[in-house]
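*Asks:* Supplied in structure tokens, the structure appears directly below.
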Amino acid sequence: WLIMKTIRVLIVEDSEKDALLIARELRHAYDSHCVHVSNADQMRAALEKYWDVIISDFYMPGFDGLDALRHLRESKMEVPFIVVSGVIGENIAVRAMKAGANDYVTKDNLARLVPTIERELREADGRRERRRAEMALAHLAAIVESSDDAIIGMALDGTILSWNAGAENMYGYLAKEALSRRISLVAPPISAGEIPQMFEKIKRGEHVARYETIRVKKDGTPIDVSLTISPIKDAAGKITGIAAIERDITEQKRTE
């Protein structure tokens, strides 16, 4: 048995016959649930529900494709919008695309409709994934920036690429003073030699967890630090950088 993808389609069309033709074309490729609307009130009501794709005629009495696009934008929904019209000249196509349409298909070439929808659904999935990733990164960035610990990103040679507020407070260097300098900036001579050894472990994919050492602040004050160092990998799994989380444990060491 062939399992067809299920999609919900809103068809904005003044001709019931043309709406049925579009729905029939979609049934060749999808288990499609189509709803037909023909005016602004019906479309506003329909936009209270979820749709995978919206297919709209361009010319309709009292309500055209540009009106439909405007209602879609006002709803804040991000749904692929495809214009299907009897005659689409270059000017109409440009107007539709500038207004936010994703693509257009002529009614005498409905064979293009399914491939067009399939492409737009893939691109919509990609946009949603990128938004989710951006939101996750923004959330992570907020956590990093608000952390009391020093969280430092470095290139594999130790060049500082990111320096959060926790690092500013711990070491006394502002981000603009630390970025592009080597991490040896905060390592006193007595412990500077350990950095290359730890970096070699990171380059092999190892982690350094809760390692205690001495660091030095901008004003020359030495502090006891517990640090965890991990490799940063790209999408292919290649190690491209180093992340360090460092905590001032000077008071703890004095208590001990």
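*Asks:* If you go through region 1-18 one residue at a time, how many are assigned to a loop (DSSP other than H, G, I, E, B) and in contact (Cβ under 8 Å) with a residue 40 or more places away in the chain?
*Replies:* 3
*Asks:* Kindly provide the set of residues from region 1-28 that are hydrophobic (A, V, I, L, M, F, W, C) and modelled with pLDDT of 90 or more, ordered by number.
*Replies:* ILE7, VAL9, LEU10, ILE11, VAL12, ALA19, LEU20, LEU21, ILE22, ALA23, LEU26
*Asks:* Of the residues that make up region 57-67, is at least one under 13 Å from ILE11 (Cβ atoms) and not in a helix (DSSP H, G or I)?
*Replies:* Checking region 57-67: at least one residue is under 13 Å from ILE11 (Cβ atoms) and not in a helix (DSSP H, G or I).
*Asks:* Another question, if that's okay. Go through region 152-187 and give me each residue that's surrounded by fewer than 18 Cβ atoms within 10 Å (Cβ to Cβ), part of a loop (DSSP other than H, G, I, E, B) and either free of Cβ contacts under 8 Å to residues at least 24 places away in the same chain or under 27 Å from the mean Cα position of the chain (by Cα) (or both).
*Replies:* Passing the criteria: ALA155, LEU156, LEU174, LEU179, SER180, ARG181.
*Asks:* Just checking, which of ASP149, ASP125, ASP103 is under 27 Å from the mean Cα position of the chain (by Cα), modelled with pLDDT of 85 or more, under 30 Å from LEU21 (Cβ atoms) and open to solvent by less than 30 Å² (accessible area, probe 1.4 Å)?
*Replies:* Within the list ASP149, ASP125, ASP103, the selection yields ASP103.
*Asks:* Let me ask something else about it. With the requirement that a residue be assigned to a strand (DSSP E or B), farther than 12 Å from LEU113 by Cβ and of a type outside the set (Gly, Ala, Ser), what does region 19-56 give you?
*Replies:* Within region 19-56, ASP31, HIS33, CYS34, VAL35, HIS36, VAL37, ILE54 qualify.
*Asks:* Still on this model: Check off (1) open to solvent by 80 Å² or more (accessible area, probe 1.4 Å); (2) at pLDDT below 85; (3) within 27 Å of the chain's Cα centre (by Cα) for ARG70 and give me the number that stays unchecked.
*Replies:* Condition not satisfied by ARG70: (2).
Here is a yes/no grid of residues against (1) farther than 19 Å from SER32 by Cα; (2) among the acidic types (Asp, Glu); (3) in contact (Cβ under 8 Å) with a residue 40 or more places away in the chain:
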position: GLY100; (1), (2), (3): yes, no, no
position: ASN109; (1), (2), (3): yes, no, no
position: PRO115; (1), (2), (3): no, no, no
position: GLU120; (1), (2), (3): no, yes, yes
position: GLY126; (1), (2), (3): yes, no, no
position: ALA142; (1), (2), (3): yes, no, no
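*Asks:* Please name all residue pairs, on different chains or six or more residues apart, with Cβ atoms under 9 Å, provided the first residue is in region 194-212 and is open to solvent by less than 70 Å² (accessible area, probe 1.4 Å) and the second residue is in a loop (DSSP other than H, G, I, E, B).
*Replies:* As it stands, the answer is GLU194/ALA187; ILE195/GLY158; ILE195/ALA187; PHE199/LEU156; PHE199/ASP157; PHE199/GLY158; ILE202/LEU156, since those pairs meet every condition given.
*Asks:* Looking only at region 70-81, which residues are under 16 Å from ALA124 (Cβ atoms) and either assigned to a helix (DSSP H, G or I) or of a type outside the set (D, E, K, R) (or both)? Break it down into steps so the answer makes sense when it comes.
*Replies:* Residues of region 70-81 that are under 16 Å from ALA124 (Cβ atoms), as a first pass: 72-73, 75-81.
If the condition is that a residue be under 16 Å from ALA124 (Cβ atoms) and either assigned to a helix (DSSP H, G or I) or of a type outside the set (D, E, K, R) (or both), then LEU72, ARG73, SER75, MET77, VAL79, PRO80, PHE81 are the ones that fit.
*Asks:* Among the numbered criteria (1) surrounded by fewer than 15 Cβ atoms within 10 Å (Cβ to Cβ); (2) modelled with pLDDT under 90; (3) not in a helix (DSSP H, G or I), which one does ILE190 miss?
*Replies:* Answer for ILE190: the failing condition is (3).
*Asks:* Scan region 178-201 and tell me whether some residue there is of a type in the set (Asp, Glu) and under 15 Å from ALA150 (Cβ atoms).
*Replies:* Checking region 178-201: not a single residue is of a type in the set (Asp, Glu) and under 15 Å from ALA150 (Cβ atoms).
The values are calculated or read from the model by the stated rules, or taken from the named source; none is laboratory data. All figures in this text were calculated on a predicted structure; none of them were measured in a lab. A quick note on method: Cβ atoms are made from the backbone with ideal geometry, for glycine too, and the neighbour counts reach across all protein chains shown. Just the protein is used for accessible areas: all its heavy atoms, side chains included, with ligands, DNA and RNA removed. Shrake-Rupley method; radii C 1.70, N 1.55, O 1.52, S 1.80 Å.
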